[in-house]
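Peer 1: Here's a structure for you.
The values are calculated or read from the model by the stated rules, or taken from the named source; none is laboratory data. Quick caveat, the model's predicted, so the values are computed rather than measured. Here the Cβ positions follow ideal geometry from the backbone for every residue, glycine too, while neighbour counts run over all protein chains shown.
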Amino acid sequence: MNTAQRLWCATLTPFREDRVSHPGVDLDRVRSHVQGLRKEGVDAFAPTGTTGEFLYLRPAEKALIHRATLEAAAGAPVMPCVFDPDPGIMVDLARRAQDLGAFGVFTPPPVYQPVGADDILDWYERLVRALTIPVYAYHHPRTHNPIDFPLLERLFEAGVAGMKDSSGDAGRVRLLAQVFPHRIIAGGDELLGQGPLLGPIAGHMSGLANLRPGLCRSLVDRSGNLLQQQARGVERDELRARVAEAGGLPAMKRALGMGLRAPLRQVDEEKAAALRGAEPA
């Protein structure tokens, strides 16, 4: 497959609602969700990232989700996010994923507190030294320390294999892909459908694919004529707006019948239910 057309899904984390205080992860739902997405054209999976609520999961829960995703993916690439504030736990999660057959792992830099480039480099070098599978960096400037061009060069020199870029900046992604061909995964649903403008990327990472995998597949493939592509782009933008209005990520989970865990529970139930429309033909 042309890697530029690889559709990664940043998978949601479903919870059981049989406990009020701290509902457990619904591993059966993890498996069925991944299997359903695979049938609808998703090529690869990235569990326990930002969309998977990594900040609100215990390390043991992340390991269980990684195992369940790998089992359900049936050989499709799986690249778990292995973030933990403790680098030792992060390395342990990564080794477990490697032993289970993960394609690779990814993680953001340290979050919340600003840290320097040398500290971020050391953060990733720990993983590179511990693993034989690819390690991907994660640039998401709205949520954690950014990775600029000079730092990314240093990370690649240290053995990092690639980076997921969730800046949503098509110009930045295009420049990075031109300098580092086939090493940048374009994150963010706003970039779906812009493949030819982004250059030699290593695929698209989508959260919206959890809800409408067929739409996302068609946007990545750019199938159909120009009018169809434009219509799908409009549908993507309208759907993103509706998801945001309904409550964002928790609303998408509600639309799919997934349980929620505090603090991510603020949902307009009526608007979330309206997101359940069928995929377009």
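Peer 1: Can you give me the number of residues within the stretch 41-65 that are in contact with a Cys (Cβ under 9 Å, 6 or more places away or on another chain) and free of Cβ contacts under 8 Å to residues at least 40 places away in the same chain?
Peer 2: Total meeting the criteria: 5.
Peer 1: Looking only at the stretch 28-46, decide whether some residue is modelled with pLDDT under 95 and closer than 22 Å to Arg96 by Cα.
Peer 2: There is no residue in the stretch 28-46 that is modelled with pLDDT under 95 and closer than 22 Å to Arg96 by Cα.
Peer 1: Next up: Test Asp169 against the stated conditions and say whether it is closer than 30 Å to Pro150 by Cβ and free of Cβ contacts under 8 Å to residues at least 12 places away in the same chain.
Peer 2: Criteria met by Asp169.
Peer 1: If you take the residues of the stretch 152-161 that are closer than 13 Å to Glu125 by Cα and touching a helix residue (DSSP H, G or I) at 6+ places or on another chain (Cβ under 9 Å), which of them is surrounded by the most Cβ atoms within 10 Å (Cβ to Cβ)?
Peer 2: Within the stretch 152-161, the match that is surrounded by the most Cβ atoms within 10 Å (Cβ to Cβ) is Leu155.
Peer 1: Before we move on, is Arg236 outside any loop (DSSP other than H, G, I, E, B) and touching a residue at least 40 places away in the same chain (Cβ under 8 Å)?
Peer 2: When the stated conditions are applied, Arg236 passes them.
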